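Some notes on the structure that comes next.
The values are calculated or read from the model by the stated rules, or taken from the named source; none is laboratory data. Remember, predicted model here, so these are calculated numbers, not experimental data. For neighbour counting, all protein chains shown are included, and Cβ atoms are generated from backbone atoms with ideal geometry for every residue, glycine included.
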Amino acid sequence: MHTTISSPGQTLVIGDDQPFAIIGERINPTGRKAFQQQLRAGDLSRVEIDVEQQVAGGAMALDVNMGAPLADEAELMVKAVTLIQRLTDLPLVIDSSIPEVLEAGLATYQGKALVNSVTAEDERLHTILPLVTKYHAAVIGLPNDEEEIPNEPERRLELARKLIRVATDTYKVPVEDLVIDPLAMPVGADTAHTVRTLETIALIREEFGVNMTMGASNVSFGMPDRHAITAAFLPLAAANGLTSAIMDARSPDVVKSVKATDLLLGRDDWGAAWISFYRARQ
């Protein structure tokens, strides 16, 4: 199954027979106080730096989040999307928890975007999915609802089933435009979290065959040498069915692990991409 997002000049195809899709996570002010201050002042110069670094690192799409406290997030999203589309042709992921911000970004974006995200909560489903349909976007779905972020893989599968059913039956979203997030939880909080996530990925792939993504940095949150943990985790996740990740495209170790995984899983004919990647960094 292929999920396609695009800009005017580039198309990214996500699928289990495609190279693992690297979605750059960096254009996000969460945990970045200096960036938040710049955004509140209307200064998007840091965005230009983040775009340049992520493109250079190997990003294939860019997540855009403008959620700085006390800032006009919708206005910033419009300005950021416009600026980024002048700087790069990479497809964009429009990322916000606020529907009005999502719509502002989708209305501004030129191309087919990926929306980040919708949960299995009834209110969120009936608020976000009409925007997905209106703007012919793809969407990331998270299997949690009003009651819980479930630990058990079987419960996550049940909520993914609900999300897919509502999206396809009620809002006629093509199933290939649904990208499920199996919920990456910090291994530092519970070392069993990683195994549960891998089990969830395998269950979703077996039942639905849809594409999957996650915030890869969540796995290593709170631990030292986070890039090493992420670099070890992503090959395991890809082998179980993960086809993309929102990740730090600036990290050579993490990007290298993804490229090596493509080679070892037979997604890199004759190793051409691996050799090209290696030579580009000499």
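Residues of segment 1-24 being surrounded by 24 or more Cβ atoms within 10 Å (Cβ to Cβ) and under 22 Å from Ala107 (Cα atoms), which ones?
If the condition is that a residue be surrounded by 24 or more Cβ atoms within 10 Å (Cβ to Cβ) and under 22 Å from Ala107 (Cα atoms), then Thr3, Ile5, Ile23, Gly24 are the ones that fit.
For segment 108-121, does any single residue satisfy the condition of being in contact with a Pro (Cβ under 8 Å, 6 or more places away or on another chain), within 30 Å of Ile84 (Cα to Cα) and of a type in the set (Lys, Arg)?
Yes, because at least one residue in segment 108-121 is in contact with a Pro (Cβ under 8 Å, 6 or more places away or on another chain), within 30 Å of Ile84 (Cα to Cα) and of a type in the set (Lys, Arg).
Based on what the data block shows, is Ile201 among the aliphatic types (A, V, I, L, M), part of a helix (DSSP H, G or I), touching a Leu at 6+ places or on another chain (Cβ under 6 Å) and farther than 16 Å from Gly24 by Cβ?
Details: among the aliphatic types (A, V, I, L, M): yes; part of a helix (DSSP H, G or I): yes; touching a Leu at 6+ places or on another chain (Cβ under 6 Å): yes; farther than 16 Å from Gly24 by Cβ: yes.
Spelling it out, Ile201 is indeed among the aliphatic types (A, V, I, L, M), part of a helix (DSSP H, G or I), touching a Leu at 6+ places or on another chain (Cβ under 6 Å) and farther than 16 Å from Gly24 by Cβ.
Return the total of residues in segment 131-157 being modelled with pLDDT of 95 or more, surrounded by fewer than 16 Cβ atoms within 10 Å (Cβ to Cβ) and more than 20 Å from the chain's Cα centre (by Cα).
Within segment 131-157, residues that are modelled with pLDDT of 95 or more, surrounded by fewer than 16 Cβ atoms within 10 Å (Cβ to Cβ) and more than 20 Å from the chain's Cα centre (by Cα) number 3.
Take the residues in segment 14-30 that are charged (D, E, K, R) and within 18 Å of Asp248 (Cα to Cα); name whichever of them is nearest to the chain's Cα centre (by Cα).
Start the filter on segment 14-30 by keeping residues that are charged (D, E, K, R), which leaves 16-17, 25-26.
Next cut, within 18 Å of Asp248 (Cα to Cα) only: 25-26.
Working: Glu25: 8, Arg26: 11 Å.
Only one residue tops the list, namely Glu25.
Within segment 135-149, which residues are at negative phi, out of contact with any Asp or Glu (no Cβ under 6 Å at 6 or more places or on another chain) and touching a residue at least 12 places away in the same chain (Cβ under 8 Å)?
Tyr135, Ala137, Val139, Gly141, Pro143, Asn144, Ile149
What helices (runs of 4 or more DSSP H), lying completely within segment 212-282, carry at least 3 residues that are at pLDDT 95 or above and of a type in the set (Val, Ile, Thr)?
Working: elements: 226-240, 252-264, 272-280.
Of the helices (runs of 4 or more DSSP H) lying wholly inside segment 212-282, those with at least 3 residues that are at pLDDT 95 or above and of a type in the set (Val, Ile, Thr) span 252-264.
List pairs: first residue in segment 103-127 and modelled with pLDDT of 95 or more and part of a helix (DSSP H, G or I), second residue crowded, with 23+ Cβ neighbours inside 10 Å and of a type in the set (Phe, Trp, Tyr) anywhere in the structure, Cβ distance under 8 angstrom, at least six positions apart or on different chains.
none
Taking Leu39 as the residue in question, decide whether it is touching a Pro at 6+ places or on another chain (Cβ under 9 Å), farther than 18 Å from Ala113 by Cβ and at pLDDT 95 or above. Give the steps one after another, and end with the answer.
On the way: touching a Pro at 6+ places or on another chain (Cβ under 9 Å): yes; farther than 18 Å from Ala113 by Cβ: yes; at pLDDT 95 or above: yes.
It is true that Leu39 is touching a Pro at 6+ places or on another chain (Cβ under 9 Å), farther than 18 Å from Ala113 by Cβ and at pLDDT 95 or above.
Against the condition of a type in the set (Lys, Arg), without any contact (Cβ under 8 Å) to a residue 60 or more places away in the chain and either crowded, with 19+ Cβ neighbours inside 10 Å or under 17 Å from Arg156 (Cβ atoms) (or both), how does Arg196 come out, does it pass? Don't jump to the end; show me each part of the working.
On the way: of a type in the set (Lys, Arg): yes; without any contact (Cβ under 8 Å) to a residue 60 or more places away in the chain: yes; either crowded, with 19+ Cβ neighbours inside 10 Å or under 17 Å from Arg156 (Cβ atoms) (or both): yes.
The answer is yes for Arg196.
What pairs come out if I take residues in segment 254-278 that are at negative phi and pair them with residues that are surrounded by 16 or more Cβ atoms within 10 Å (Cβ to Cβ) and among the basic types (Lys, Arg) whose C-beta lies under 6 Å away, six or more apart or interchain?
Going by the 6 Å Cβ cut-off, the qualifying pairs are Trp274/Lys259; Phe277/Lys259.
Would segment 235-243 turn up any residue that is crowded, with 18+ Cβ neighbours inside 10 Å, without any contact (Cβ under 8 Å) to a residue 60 or more places away in the chain and more than 16 Å from the chain's Cα centre (by Cα)?
First, the residues of segment 235-243 that are crowded, with 18+ Cβ neighbours inside 10 Å: 235, 237-238, 240-243.
Filter again for without any contact (Cβ under 8 Å) to a residue 60 or more places away in the chain, leaving 235, 237, 240.
If we keep only those that are more than 16 Å from the chain's Cα centre (by Cα) as well, we get 235, 240.
Scanning segment 235-243, I find at least one residue that is crowded, with 18+ Cβ neighbours inside 10 Å, without any contact (Cβ under 8 Å) to a residue 60 or more places away in the chain and more than 16 Å from the chain's Cα centre (by Cα), so the answer is yes.
Taking Ile94 as the residue in question, decide whether it is in contact (Cβ under 8 Å) with a residue 24 or more places away in the chain, touching a Pro at 6+ places or on another chain (Cβ under 6 Å), crowded, with 23+ Cβ neighbours inside 10 Å and within 23 Å of Pro130 (Cα to Cα).
Values: in contact (Cβ under 8 Å) with a residue 24 or more places away in the chain: yes; touching a Pro at 6+ places or on another chain (Cβ under 6 Å): no; crowded, with 23+ Cβ neighbours inside 10 Å: yes; within 23 Å of Pro130 (Cα to Cα): yes.
Answer is no for this residue.
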